Amino acid sequence: MVGCSSGGNTSAPAAGEGGSGQAASTDGQEIQAKLGVVGFLSGSGAAYGEAQKAGLELALGEVNEANKGKLKIELKFEDSAGEKEGAINAVNKLINQDNVVAIIGPTLSGEMFAAGPVANEAETPIFGISNTSEGINDIGEYVFRNSLPESIAIPTAMKAAVEKNGLKKVALIHASNDDFSVNGYKVMKATAEKLGLEITGEATFANGDVDFSAQLTKLKQTNPDALLVSALYKEGSMVVKKARELGFTRTILGGNGFNNPKVFEIAGPAAEGLIVATPFSPEKKDDKVQAFVKAFEAKYNKKPDQFAAQAYDSLYIMSQSLLAAGKADREALRGQLAQLKDFTGVSGKLSFDEKRNPIGDAVVVVAKEGKFVPFE
């Protein structure tokens, strides 16, 4: 794993350097850093949390091996089950009982809106690795994320689909009972209007629903060129499958929630042609990416997805910032995270703007024969 051992650090601090560039604690001892992780590890969206846990555990082994004598990280995992109350309880436990220096997660945007203020009030850095809704960083100065917002990813995918598939008319459908899906829908609608597309119809459903026939039949009758779907992978995949069963053969474009291999398991052949945008593709011809994919496959016997990749990168960002801080201290770590610039990870190059929002590029991919490949 030589290609990934530095995590893409553009200027990893060397041992013995002074000031904020120290690679060990101020007294020369190994930095012992306990990090909390809040993940969607059980329930309908557990595949997201499981991928994140896998990416973090792979990175943990690499980071601790590469920094022996300088830094040792311990991860404390808590399962939120995708619930706001679960995320709040987990964050409180990690801060007040486990005394972690920072928290990675929670998985869903709605969870971060609920639990982020708790961490911010406790002046504990909290780092979102899959929170794409607008306003996440407005929670407070201790809130960070390396997940590209839907406001970047969705327009990138829609513009590519319009140019290649000649879209003129679109219909929208989204889950109305979670913050992530509602935000994605708003971005889709605003982008459609900006691109001059006609919106032929809109429909909603709720997470937990299993029958989408009525909504999709009505939308199909409006004769759109494309169906835009904002949802988590479980319901979103069922929407795609039902749309194809009802005879909708045109373009289907989804939000960030579709970036999980479970889509192919649930939707089956109906996923073929699904277009999404992502900061990570395991098919990317890049040495760092391919080294990560190889290591992930060796450990877990499957390819990593975006959620695993962003989790993996987050631990390298944390390790780089802890080394620069020179100690496992919440305030010092927050200061170093805020300065992140040109970090090159497996999910691309990343910097933070003045609001700690990620600055990066999305890649448009399309489902083909059971995997996402570049949309060209």
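The values are calculated or read from the model by the stated rules, or taken from the named source; none is laboratory data. This structure is a prediction, so every number in the text was calculated from the model and none was measured. Cβ sites come from the backbone with ideal geometry, for glycine too, and all protein chains shown count toward neighbours. Surface areas here come from the heavy atoms of the whole protein model, side chains and all, with no ligands, DNA or RNA. Shrake-Rupley method; radii C 1.70, N 1.55, O 1.52, S 1.80 Å.
A few notes on this one:
- When segment 256-305 is limited to residues that are of a type in the set (Gly, Ala, Ser) and not in a helix (DSSP H, G or I), the one that is nearest to GLY184 (Cα to Cα) turns out to be ALA277.
- For segment 88-111, the tally of residues that are farther than 27 Å from ASP178 by Cβ and either touching a Phe, Trp or Tyr at 6+ places or on another chain (Cβ under 8 Å) or in a loop (DSSP other than H, G, I, E, B) (or both) stands at 4.
- On inspection, ALA271 passes the criterion of being out of contact with any Ser or Thr (no Cβ under 6 Å at 6 or more places or on another chain) and over 26 Å from GLU57 (Cβ atoms).
- Close Cβ contacts (under 6 Å, 6 or more residues apart or on different chains) running from residues in segment 348-376 that are in contact (Cβ under 8 Å) with a residue 40 or more places away in the chain to residues that are open to solvent by 20 Å² or more (accessible area, probe 1.4 Å) and aromatic (Phe, Trp, Tyr) comprise VAL364/PHE375; VAL365/PHE372; VAL365/PHE375; VAL366/PHE375; GLY370/PHE264.
- Residue check for GLU111: over 13 Å from the mean Cα position of the chain (by Cα), farther than 29 Å from LYS194 by Cα and of a type outside the set (A, V, I, L, M, F, W, C): yes
- Residue list for segment 340-376, filter: open to solvent by 60 Å² or more (accessible area, probe 1.4 Å) and either at pLDDT 95 or above or not in a loop (DSSP other than H, G, I, E, B) (or both): LYS349, ILE359, LYS368, LYS371
- For PRO106, the conditions (1) within 25 Å of ALA46 (Cβ to Cβ); (2) open to solvent by 40 Å² or more (accessible area, probe 1.4 Å); (3) of a type outside the set (D, E, K, R) are fulfilled apart from (2).
- Any hit, segment 41-49, residues being modelled with pLDDT of 95 or more, under 26 Å from GLY348 (Cα atoms), of a type in the set (S, T, N, Q) and assigned to a loop (DSSP other than H, G, I, E, B): no
- When restricted to residues that are assigned to a helix (DSSP H, G or I), surrounded by 20 or more Cβ atoms within 10 Å (Cβ to Cβ) and out of contact with any strand residue (DSSP E or B) (no Cβ under 8 Å at 6 or more places or on another chain), segment 61-87 contains 1.
- Of the helices (runs of 4 or more DSSP H) lying entirely inside segment 161-248, those containing at least 1 residues that are small (Gly, Ala, Ser) and either crowded, with 24+ Cβ neighbours inside 10 Å or touching a Pro at 6+ places or on another chain (Cβ under 7 Å) (or both) span 179-194, 233-245.
- Selection over segment 325-339 of residues that are without any contact (Cβ under 8 Å) to a residue 40 or more places away in the chain and buried (at least 19 other Cβ atoms within 10 Å of the Cβ) gives a count of 0.
- Residue match in segment 266-288 (condition: touching a Cys at 6+ places or on another chain (Cβ under 8 Å), surrounded by fewer than 24 Cβ atoms within 10 Å (Cβ to Cβ) and at negative phi): yes
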